[in-house]
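Asks: Mind looking over this structure? Questions follow.
Every read-out reported here was derived from the displayed coordinates using simple, explicitly stated rules and does not represent laboratory data. Just so we're clear, the structure is a prediction, and the values are computed from it rather than from any experiment. When we count neighbours, we look across all protein chains shown, and the Cβ atoms used for this are built from the backbone with ideal geometry, even at glycine.
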Amino acid sequence: MDPRLYADLDGMPDLLDAVQDYAHDILGGLDDRPVTSTARPADAEPLPTQGIGGAAALRRFETRWAPGLSASAGPRYLGFVTGGATPAAVAGDWLTSVFDQNTITVQDSAASSLERESVRWIRDLLHLPDDFTGAFVTGATMSNLTGLALAREWIGDRLGVSVSTQGVAALGPVVVLSGAAHSTVSKALSVLGLGRDSLHPVALLPGRDAIDVDALRAALRDQDGRPAIVVANAGTVNTGDFDDLDAIADLREEFPFWLHVDGAFGAFAALSPSHAHLVAGLGRADSVCVDLHKWLNVPYDSGLQLSRHHELQARVFGNTSAYIGVPGTDPDFVHLTPESSRRLRALPAWFTLCAYGRDGHREIVERTIALARRVGQQLAEITGVELLAPVRLNIVCLKVPGDPADLARRIAETGVTFLTPTVHHGTPALRLAFSNWRTSEADADRIVEVFRHLLSGG
Ligand SMILES: *Cc1c(COP(=O)(O)O)cnc(C)c1O
């Protein structure tokens, strides 16, 4: 054994203690850490020939790379939709590495069963019916890709071809209809061979990011009975808007289509009794996408794909081999997911749900919604600032005086908060997304104060 590796084997408790102390400092200092950082090492370092051992690597990381890492786990990082990691989720994530399980099969370990329990918990958290099954994937991008891969196979069934054996060319053109689809839907269509051009945007309701269901009906009618894919949105990134999922699901009585719902963060509206109506009808979808590293506040990378078409899934993702076997009636995850070998990604989610339960996570969702609304109201009182949409959920979308990207940069330079610019229906805008379990009213006040200060010319 390499001497440094041997020394670390011997000194493992000390190394882990050092990492724990360091992690404690970082997490304890999140509130004061600049929310973003531009620090980068000056020079590239060559690959070490002889390593320096774990303890020295930790010190090297601390000085060389850590100063450049953002406080995205902290309470005032509002860019994109970025959750943090609850204490129990961090514990689960550490133990995922410690146990280093491969959830490929049930042959050697209960890890797959733990994952199944976690999937059921999240299904129940979101009030989805019992016939939904699912698997952990790296995030909503892979979840959308998986759902759309099932949709592709389902269309093949309707047309009498098997895409999984014959290839996508056997299918001919497929039409994918959506209102304000997330960019990852287009990416998934590119990967799946359906092509980005297969995505046909459907008109939105006036001033909204929600699909106009009459326009969708007309687009489906134009298909003349050819099966299609509808991607409905539960929580759009710009304004947190929702399609009318029940009205869309009703259209299946008239037209053949697969209904995929992208509820990456918006599906968590189900946790708040006063917002659950926004996701009414979610359980009528064929496939559902949710992200866990956003509003569930588990570390990256964690998302869930859910669907009620188990058999189709094993056909698309089946990974038959002499040593793994064939997908049976209750296939292993290796036959259900894009990956083969996979970490016990469910453990952080299992930990946080076990530790805080439905009530704990409902409180996070409700508090962040309330903070978004409060910040939205207070910012709209600043001269020249205008809400571009009502705060329906956890996202504030603003028109600001001047160039939003420039204001976003100046806001980031304060180190207090980080927001991302966007374009909303042609208007350059700024958006603030609240989803971190740590965010408090005091944080909300500091965020508003930064705007007041910068926009008063101060
Ligand atoms: C974040 C998000 C995605 C992409 O998710 P990743 O976790 O980045 O893969 C897809 N759809 C919506 C609505 C999102 O908010």
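Asks: Which residues make up the longest stretch of the chain that has no GluC sites (Glu not before Pro) in a DSSP loop with at most 15 other Cβ atoms within 10 Å?
Replies: Counting only loop sites that pass the neighbour cut-off, the longest clear stretch is 1-253.
Asks: Let's test this: bin the Cα-Cα distances of segment 156-211 at 10 Å from zero up to the farthest pair and state each bin's percent.
Replies: The percentages, shortest bin first, are 23, 42, 26, 9, 1.
Asks: As an exercise, find the ratio Rg/Rh for segment 348-458 from alpha-carbon atoms, using the Kirkwood inverse-distance average for Rh.
Replies: 1.02
Asks: Right, next: Counting Lys and Arg as +1 and Asp and Glu as -1, each charge on the Cβ, what is the dipole of segment 90-155 about the Cα centre in debye, to the nearest 20?
Replies: 180 debye
Asks: Among T82, T422, T239, what is the fewest-to-most ranking by other Cβ atoms within 10 Å?
Replies: So the ranking, lowest neighbour count to highest, is T422, T82, T239.
Asks: With only Lys, Arg, Asp and Glu charged, each at its Cβ (+1 for the first two, -1 for the last two), find how big the charge dipole of segment 76-222 is about the Cα centre; round to the nearest 20 debye.
Replies: Using only the charged Cβ atoms, the result is roughly 400 debye.
Asks: Let me ask another. If you take the charge dipole of the chain about its Cα centre, with +1 on Lys and Arg Cβ and -1 on Asp and Glu Cβ, which of G328, G79, P390 is farthest toward its positive end?
Replies: Selected residue: P390.
Asks: For segment 240-373, what are the per-bin percents of Cα-Cα distances with bins 5 Å wide, up to the bin holding the maximum?
Replies: 2, 9, 15, 17, 17, 16, 12, 7, 3, 1, 0, 0
Asks: On a full-extension model of 0.36 nm per residue, what is the gain between R452 and M12, subtracting their alpha-carbon distance, rounded to one decimal in nm?
Replies: 153.4 nm
Asks: Something else about it: Using a 10 Å cut-off around each Cβ, can you sort C354, C289 from fewest to most neighbouring Cβ atoms?
Replies: The most exposed by this proxy come first: C354, C289.
Asks: Something else about it: Determine, for D31, D243, the number of other Cβ atoms within 10 Å of each Cβ, and report the residues in order from fewest to most.
Replies: D31, D243
Asks: Using only DSSP helix segments of four residues or longer, with each worth -39500 (n - 2.57), what per-residue ellipticity at 222 nm results for the chain after dividing by its residue count and rounding to 500?
Replies: For the chain, the value works out to -12500 deg cm²/dmol.
Asks: Further question: Show me the three semi-axes of the equivalent ellipsoid for segment 1-111, from the C-alpha gyration tensor (sqrt of 5 times each eigenvalue), largest first, rounded to whole Å.
Replies: Over the Cα atoms of segment 1-111, the semi-axes work out to 27, 24, 14 Å.
Asks: Using DSSP, restrict attention to beta bridges with both residues in the chain and report what percent are antiparallel, rounded to the nearest 5.
Replies: That works out to approximately 60 percent antiparallel.
Asks: Let me ask something additional. Rounded to the nearest 20 debye, what is the charge dipole size of segment 336-452 about its Cα centre when +1 sits on each Lys and Arg Cβ and -1 on each Asp and Glu Cβ?
Replies: 420 debye
Asks: Bin width 10 Å, alpha-carbon pairs only: give the P(r) of the chain as whole percents, running from 0 to the bin holding the largest distance.
Replies: 4, 19, 27, 25, 17, 7, 1, 0
Asks: Right, something else. Across segment 57-213, how large is the tail of the calculated P(r) beyond 20 Å, expressed as a percent of all Cα pairs?
Replies: Value for segment 57-213 (Cα pairs over 20 Å): 70 percent.
Asks: Rank P206, T63, A346 by how far each Cα sits towards the positive end of the charge dipole of the chain (+1 on Lys, Arg Cβ; -1 on Asp, Glu Cβ) and give me just the farthest.
Replies: Of P206, T63, A346, it is P206.
Asks: Still on this structure, please answer the following. Just need log10 I(q)/I(0) for segment 130-229 at q = 0.10, 0.21, 0.23 Å⁻¹, Debye formula, equal scatterers on the alpha-carbon atoms, no solvent, rounded to two decimals.
Replies: The Debye formula, applied to the Cα set alone, gives -0.30, -1.18, -1.28.
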